[in-house]
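Below you'll find the structure, written out as structure tokens, and then a few comments.
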Amino acid sequence: MGHHTITEVRQEKFDFSGRIKLIPILLFVVGAILAGVGAMQAKKSWDAPRAEVTNAVNDHSAEANNHETQEAHTDHHQTLTDTHGGSAVLSDAHAEENHAEVAHTETHVSSEHAEAHGNHHEATYMTRVWANLLLNSYYFWLFAVSALFFIAVNYVANAGWAVMLKRIMEAQSSYLLVGSILLFTILFLGRDTLYHWVNYFDGSAAGNPQDPGYDTILESKHWLLNNSSIFFFIPFVLIIWYLVRTKLRRNSIAEDETPGLDMFKNSTRWSAGFIFFFAFSFSALSWLIIMSLDAHWYSTMFSVYNFAISFVSGLSVMMLILQYLKSKGYMEMVSDEVVHDLGKFMFAFCVFWGYIFLGQWLLIWYTNLPEETVYFQARLNSHFKPLFFINLFMCFLIPFLTLMMRGAKRSPKVLLAAALTILVGHWVDMYLLIMPGTVGNKADLGLLEIGTTMAFAGIFIYTVLHSLSKANLYPLNHPYLLESANHDVGV
Amino acid sequence: MVDKSILLDNKKFTVGTFTDSDKLLHAVETLRKKEVKIFDCYTPFPVHHLDHALGYTRTNLTIGAFLCGMLGTLSGFTLAYSMNVVDWPMIIGGKPQDINVFTSFIPVIFELTILFTAFGMVIMFFARNRMIHGIKEDLLDRRQTDDHLLLAIDNSEEQSLSNDEIQSILINEGAVKVKGNVESFNTSLTTEEDLEIVIGNNEGAAVIN
């Protein structure tokens, strides 16, 4: 304050030259080749037995457990207590109590359909391919969604500090169109392979209580889990979001030509409406796309959990783009103060993710209901266990302890490292959300996973940098531009 | 941080009164460039970068806060562990009574971490600033708690410039009032004494009270 008040922002334009274009294109090509090789490898090695898999529980056996007799339930429950509580001896001592608790489940699961899901088609290597495509299309799409949400929040909150970064957010949200098309295509084409409820509702047991395969839980969710949700509801939401994004972007570009508050006010109104719609639609989409992979499972925290993943990883991507541009000599007018604040946001939402994770885990652990714990059983008492803890460390503990210091939030190197840790951590997070419910104990980390991620990263980077080069790097006539350029909280 | 008492007893000050925080900041910078030692600034609101301009390094309070937090984490864990595992194990929800119930310790650990950090910060802050209960509130000017910003220079300190030169710099920098020989007073005086000093302190200024 006082000293060097900036009164004019020097305009810049990002040059998306041929050499820079080559990087995402190479990333895509190499990724696609690696993914192809990985898929071939997976196909070859699919029928070979896995040595180390001992007590892994995939979705199918978990379901089978769910539908066995009461005696079997008790066994199942003991395993759970073993996982989440610790001592197996103790579980035995309290088998009686467990019995009483488990009886509760019987209200949901009738014991007569022991072989209910025996007709499930087994996971094949194609399941793994589709699951990977779903993972990456959803994960990269989340970056765009959170960027759009962040723009809207900044408008509604009348926030000025991040205006210098607005074009980065807009560029990031430009992946919304490509991402939505990819996501919808993959959902549409892969739905039979990915979602076992799709098979169930296509089968003879659906809507027929006399059928031994009749599934009360799935039937009770039929209002949401049905084909018209995939065919109509998802595209409806995606189109609305895309329209809002287009409107906000057009306003932003038009503002460069026309000084005044008209565009700002218009964008604020659109943003307010969008946030209202987003809260409902994002929840519904996260249930439909991800939670329904484990269609028998319930969690009221799930959509918040997805939002936490989306927001913190979106902020990390924003930080990566900003640091990339700064390293290339662009955006030098973005002060350390703004970078510091973005770092604070990253830190805050790491903690938010940890909080939401605990909120979901703690309640399920305490109540210990089989139909809820089965979700963590498949993730914690199987070969996914190391990833489960890697996820906790990379998404919460490491960034929490690193970004806590003031110096860390002002150091480009530390911020880069933290952002990459968060992004890889949340990739693992998505992996844990998707793989146990689809591929089960055959899930692996290999060339297929790496290749698919690289290919999607290539598409994402190309789209974002292309959009970035289309407009000035600073929104010239935004009323808060100078506030952002002079942003200073005095610490 | 510069080690000094906020007790201003028995000291005479050259005081520049400002009404604009930017002017105060600039005056501090100018004086420090000429190697004038500034005793302190008194402002009714935080002025950004004033601490930096006065040459204060960043506070170590954050490290203290972190240590307090760690202490809270340890206390929370010890509390929960000694109660639920060592001293009086209870079976809750069929859970075992050993380290595997760590999940149920997390809320306790979380709360105690925050409690210790908050209390630790408050206690350390007051202790470091010597704001002990019963301390006399020393003021150089009544309006330093209202809308005026003071720049105080200790007359007993060796300065590179003469007192007159310092005063003329302060005036040039936009001080609304400069006085060469101000003594502090404190608000625990009686009303009559108080008023006398206030009037004495504010000769020529607008009526106060």
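One table, with the values for the structure above:
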{"quantity": "Qualifying helices (runs of 4 or more DSSP H) (wholly inside the stretch A:68-178; at least 3 residues being at pLDDT 50 or above and not basic (K, R))", "calculated": "A:125-156, A:166-173"}
{"quantity": "Residue count, the stretch A:222-258 (criterion: part of a loop (DSSP other than H, G, I, E, B) and surrounded by 19 or more Cβ atoms within 10 Å (Cβ to Cβ))", "calculated": "1"}
{"quantity": "Residues of the stretch A:190-212 satisfying the condition of being open to solvent by 10 Å² or more (accessible area, probe 1.4 Å), within 12 Å of A:L293 (Cα to Cα) and without any contact (Cβ under 8 Å) to a residue 40 or more places away in the chain", "calculated": "A:R191, A:D192"}
{"quantity": "Any hit, the stretch B:147-157, residues being at the interface with another protein chain (Cβ under 10 Å from one of its Cβ atoms), at pLDDT 85 or above and over 17 Å from the mean Cα position of the chain (by Cα)", "calculated": "no"}
{"quantity": "Residues of the stretch B:64-118 satisfying the condition of being under 29 Å from the mean Cα position of the chain (by Cα) and open to solvent by 90 Å² or more (accessible area, probe 1.4 Å)", "calculated": "B:L67, B:M70, B:L71, B:F110, B:E111"}
{"quantity": "Failed condition for B:F126, given (1) under 30 Å from A:I364 (Cβ atoms); (2) more than 14 Å from chain A (Cβ to nearest Cβ)", "calculated": "(1)"}
{"quantity": "Residue list for the stretch A:306-342, filter: hydroxyl-bearing (S, T, Y), in a helix (DSSP H, G or I) and open to solvent by 10 Å² or more (accessible area, probe 1.4 Å)", "calculated": "A:Y324, A:S327"}
{"quantity": "Among the residues listed as B:G55, B:G72, B:G64, the single one being within 13 Å of B:I109 (Cα to Cα) and away from every other protein chain (no Cβ under 11 Å)", "calculated": "B:G72"}
{"quantity": "Scan of the stretch A:402-457 for residues that are out of contact with any Cys (no Cβ under 8 Å at 6 or more places or on another chain) and within 14 Å of chain B (Cβ to nearest Cβ), ordered by number", "calculated": "A:T402, A:M404, A:M405, A:R406, A:G407, A:A408, A:K409, A:R410"}
{"quantity": "Residues within the stretch A:362-374 that are surrounded by 19 or more Cβ atoms within 10 Å (Cβ to Cβ) and within 11 Å of chain B (Cβ to nearest Cβ), tallied", "calculated": "3"}
{"quantity": "Test: residue in the stretch A:375-383 that is more than 19 Å from A:A418 (Cα to Cα), at pLDDT 90 or above, within 12 Å of chain B (Cβ to nearest Cβ) and touching a Pro at 6+ places or on another chain (Cβ under 9 Å)", "calculated": "no"}
{"quantity": "The lone exception for A:K385 - which of (1) surrounded by fewer than 19 Cβ atoms within 10 Å (Cβ to Cβ); (2) touching a residue at least 12 places away in the same chain (Cβ under 8 Å) it fails", "calculated": "(2)"}
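So that you can scan it fast, the table gives a plain yes or no per residue for (1) part of a strand (DSSP E or B); (2) small (G, A, S); (3) out of contact with any strand residue (DSSP E or B) (no Cβ under 8 Å at 6 or more places or on another chain); (4) at the interface with chain A (Cβ under 9 Å from one of its Cβ atoms):
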{"position": "B:E29", "(1), (2), (3), (4)": "no, no, yes, yes"}
{"position": "B:V47", "(1), (2), (3), (4)": "no, no, no, yes"}
{"position": "B:G93", "(1), (2), (3), (4)": "no, yes, yes, yes"}
{"position": "B:V108", "(1), (2), (3), (4)": "no, no, yes, no"}
{"position": "B:E111", "(1), (2), (3), (4)": "no, no, yes, no"}
{"position": "B:R130", "(1), (2), (3), (4)": "no, no, yes, no"}
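The values are calculated or read from the model by the stated rules, or taken from the named source; none is laboratory data. Bear in mind that the values here come from a model prediction, so they are computed numbers and not experimental data. Here the Cβ is made from the backbone with ideal geometry for all residues, glycine too, and neighbour counts use every protein chain on show. Calculation scope for accessible area: heavy atoms of the full protein, side chains included, ligands and nucleic acids excluded. Shrake-Rupley method; radii C 1.70, N 1.55, O 1.52, S 1.80 Å.
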